[in-house]
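Participant: Take this structure first; my questions come after.
The values are calculated or read from the model by the stated rules, or taken from the named source; none is laboratory data. Predicted model only: the values in this text are computed from it and were never measured. Heads up, the Cβs are rebuilt from the backbone with ideal geometry, glycines too, and the neighbour counts pull from every protein chain shown.
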Amino acid sequence: MKNTVKKIAATAALFAACLLNAPCKPAGTISFEFIDQQFGDILYALSSFSGISIIGDETVIGKTTFQFSGTSFDDAFDLFLRTNRLYAGKTDRCWTVTKIRTERTEGGMLRIDAFDSTLGSILERLSAETGTAIVFSALPQTAISLHAEAEDLFELVSLAVKPFAGYGAERFGNGISVGQTDRAHSQISGRIPFALRSGNGLYSCDIDGTRASDVFASLCAEEGVSWSNLVKNDSLVSGVHLENVDYETLLETVLVQSGCDTFLDGSIRYFTSAKTQDSSKRARSRSETWTRIETGRLSPAKAAALLSGRFPEAETVPLEDGRAILFKSDAAKTSEAQSFLALAEQSTISEAIKLKYISSSELLKALPPSADKSCIAETGTGNSIFFTGPTEMKERFLSDLAEMDKPRERIRYDMLIIQYDNSRSSKWAAGAELKQTRIGDMTAVSGNFGNLLNLNFDVITLFGYRFSMNLDAALAENRAKVCTDTTLHAVSGETVKFRNTSTYRYRDTALDPETGKPVYTGVTREIVSGIVLEITGRISGDGLVTMTVHASVSKRGADVSSTAGNPPATSEKSIETRLSAKNGEPVILSGLTQNDESLAEGRVPFISRIPLLGLLFRHTDNKSESAEMVIYLVPHISNGPDSPGEKQERLATAFERLVRGKEDSE
């Protein structure tokens, strides 16, 4: 229903666009303009304009552009057909637009005209026109154009199929069948026959572009054995030309060309992927043979994993359907592998293992090389697993698990955010003061750390006494203000977020059309201002802390919502950086500056308006304020509370910086 409404609306818009030009044209002139529109929408608009039912069949799809200005609708419609290479079948009730036209000529010939149509559409139209069954399955979707006439339908079908290599037409009964020829089907499936000749126990062959599986099938048929292909990717064998060679030479040549290996187990020949393509290495490895080893209660995949870990130089192939594996090595290692599997089958255990710090899902995503997924199953609790396997394999797995199941390192961020105010003002005023001079009115300079002792952030230890004295003085004189003094904790590789913001809500207003007064609507807007800090830290192998820091400071402007009806303006400053720091090394982020200017004027009523004399009874205050947010950040690698040794080290560091640093300066 929705699609129908959309289509009607789009068509109405097109039709309206066509009629907009009518007043600008002379009487009797019609004009059409369609730009990149669907064929169906254009035909619907033309049908609505003319009052004639005009439809398109399944071959008329896509978009087109058409423009016309004239006096005859028939001329416009014919131009539309020629421009888009279409045909129309006209009757008293309906006009049908199509890309394929079929008709009988006066001489009885069958004629077809088709533009940009698929082979399937052409065959369907020929079948409907003649009443002859034309059978086909999957056909190429390439569009073709065909203009021909013939007495026999089969000639037209053969002509339509001819551009497509590998396809042909043939008669069957009273119908026609279209499809791939036998040779084309053989080429597509990769089963290209090759010549294999034998005589007096010697073989000759020519192989070029044949799938390895087809060659294996022919060779095993010649040998009189069954075969099983364990190669995942079926390669092509090319460039093999042999004359009068024995069967072993023929088989070895084919294996080298296809990158495969083979062995005979009873009456079944198995083909597997070869580890090496070097002919000399293959010759040296002929002493190694394939052996089928039964796995018993062990699954083939688990047995293959056990042998791969014990004999990494050997080849193992699990046979899931036979509870066995294929093992390639020399006789001594094959015997050892059989004994190892027998022992593993006897010592197989199943035990629940408790995980300490990692979850079972995290373990399964990164299994150690000593185990595979077939040996491990989740218990459903998330903090334990079931292990099934030999005792030796379990010991290796537990050893690897001990290296993985450790607590993740944590990072402690000591953070101090200070706002520095740099205000400038020019004030002019007349005044006088009379007081008695006292001792101590002379300018005095003093320094202390009283304002820093209440901070959690260790300013004195990190930046020294000179910086600390300046900061303490700025705090005492209100030239600086502590915005944030906190400590954040996060796991290495995770993100920690800090927000110190204020949210202001405002209701939107609208003018009442009857009274003209503003009234509140149901819409509420929010303005958030303050400090937002995001830190993503990761501890590297050499003890560095690599951090991605994103900091932003936003400020709300003057509240004018009551007078202007709009929320106040906001400003935002942000900084994003990626850096590395040592354990306990401070990082300073600055540049988050906010600038404000203000002008204030005060005066005495009436008297201040007197020229010249009034200047003595008024004063002006022009103030320029600049506030800068500075973020001090110190990352610490922390795996728990500070040990007594760490506390002693921190005290010793503070002593070195404060006491000895002061002595050196003196």
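Participant: Does GLY131 fit the bill of being without any contact (Cβ under 8 Å) to a residue 24 or more places away in the chain and at positive phi?
Facilitator: yes
Participant: For region 143-159, name all the residues that are farther than 18 Å from THR98 by Cα and either modelled with pLDDT of 85 or more or among the polar types (S, T, N, Q) (or both).
Facilitator: If the condition is that a residue be farther than 18 Å from THR98 by Cα and either modelled with pLDDT of 85 or more or among the polar types (S, T, N, Q) (or both), then GLU149, LEU153, PHE154, GLU155, LEU156, VAL157, SER158, LEU159 are the ones that fit.
Participant: In addition: If I go through region 456-491 residue by residue, how many of them are under 30 Å from SER540 (Cβ atoms) and aliphatic (A, V, I, L, M)? Before the answer, list the steps.
Facilitator: As a first pass, look at region 456-491 and keep what is under 30 Å from SER540 (Cβ atoms): 456-464, 467, 484-491.
Add one more test, that the residue is aliphatic (A, V, I, L, M), and what stays is 459-460, 462, 488, 490-491.
Qualifying residue count for the region: 6.
Participant: Can I ask one more? ASP642 fails exactly one of the following numbered conditions: (1) in a loop (DSSP other than H, G, I, E, B); (2) closer than 27 Å to ILE527 by Cβ; (3) at pLDDT below 70. What is the number of that condition?
Facilitator: (2)
Participant: Scan region 214-229 for residues that are exposed (fewer than 15 other Cβ atoms within 10 Å of the Cβ) and within 17 Å of GLY199 (Cα to Cα) and jot them down.
Facilitator: Of everything in region 214-229, those that are exposed (fewer than 15 other Cβ atoms within 10 Å of the Cβ) and within 17 Å of GLY199 (Cα to Cα) turn out to be ALA221, GLU222, GLU223, GLY224.
Participant: Next question, about the same structure. Looking only at region 551-609, count every residue that is over 21 Å from ALA480 (Cβ atoms), polar (S, T, N, Q) and modelled with pLDDT of 80 or more and tell me the total.
Facilitator: Total satisfying the criteria: 4.
Participant: Here is a further query. Kindly indicate the residue of region 397-416 that is of a type in the set (D, E, K, R) and either assigned to a helix (DSSP H, G or I) or in contact with a His (Cβ under 8 Å, 6 or more places away or on another chain) (or both) and also surrounded by the fewest Cβ atoms within 10 Å (Cβ to Cβ) among those meeting that condition.
Facilitator: GLU403
Participant: Of the residues that sit in region 300-330 and are charged (D, E, K, R) and over 39 Å from the mean Cα position of the chain (by Cα), which one is surrounded by the fewest Cβ atoms within 10 Å (Cβ to Cβ)? Even if it seems obvious, please write down each step before you answer.
Facilitator: Here is the first cut: in region 300-330, the ones charged (D, E, K, R) are 302, 310, 313, 315, 320-321, 323, 328, 330.
Pick out the ones that are also over 39 Å from the mean Cα position of the chain (by Cα) and you get 310, 323, 328, 330.
Working: ARG310: 16, ARG323: 15, LYS328: 22, ASP330: 13.
Step by step, filter region 300-330, then rank; the result is ASP330.
Participant: Mind listing just one residue for me: the one in region 539-549 that is buried (at least 16 other Cβ atoms within 10 Å of the Cβ) and of a type outside the set (Val, Ile, Thr) and, of those, modelled with the lowest pLDDT?
Facilitator: LEU544
Participant: Next question, about the same structure. Run down ASP113, ASP92 and say which single residue is part of a loop (DSSP other than H, G, I, E, B) and under 30 Å from SER48 (Cα atoms).
Facilitator: The match here is ASP92.
Participant: Can you say whether ARG93 is surrounded by fewer than 13 Cβ atoms within 10 Å (Cβ to Cβ) and modelled with pLDDT under 85, as far as the supplied structure shows?
Facilitator: Judged against the criteria, ARG93 is a match.
Participant: Would it be correct to say that SER145 is polar (S, T, N, Q) and surrounded by 14 or more Cβ atoms within 10 Å (Cβ to Cβ)? Please lay out each step first, then the result.
Facilitator: Values: polar (S, T, N, Q): yes; surrounded by 14 or more Cβ atoms within 10 Å (Cβ to Cβ): no.
In short, no.
Participant: Here's something else I'd like to know. Given (1) at pLDDT 80 or above; (2) part of a helix (DSSP H, G or I), identify the lone condition not met by ALA352.
Facilitator: So the condition that ALA352 fails would be (2).
Participant: Looking at region 434-454, can you tell me whether even one residue there is in a strand (DSSP E or B), surrounded by 11 or more Cβ atoms within 10 Å (Cβ to Cβ) and at pLDDT 75 or above?
Facilitator: Within region 434-454 (the criterion being in a strand (DSSP E or B), surrounded by 11 or more Cβ atoms within 10 Å (Cβ to Cβ) and at pLDDT 75 or above), the answer is no, since none of the residues qualifies.
Participant: Scanning for something modelled with pLDDT under 70, closer than 30 Å to SER540 by Cβ and basic (Lys, Arg), does region 618-634 turn up at least one residue?
Facilitator: No, every residue in region 618-634 fails to be modelled with pLDDT under 70, closer than 30 Å to SER540 by Cβ and basic (Lys, Arg).
Participant: Is it true that some residue in region 380-396 is out of contact with any helix residue (DSSP H, G or I) (no Cβ under 6 Å at 6 or more places or on another chain), surrounded by 12 or more Cβ atoms within 10 Å (Cβ to Cβ) and among the acidic types (Asp, Glu)?
Facilitator: Looking for residues that are out of contact with any helix residue (DSSP H, G or I) (no Cβ under 6 Å at 6 or more places or on another chain), surrounded by 12 or more Cβ atoms within 10 Å (Cβ to Cβ) and among the acidic types (Asp, Glu), one finds at least one in region 380-396, hence yes.
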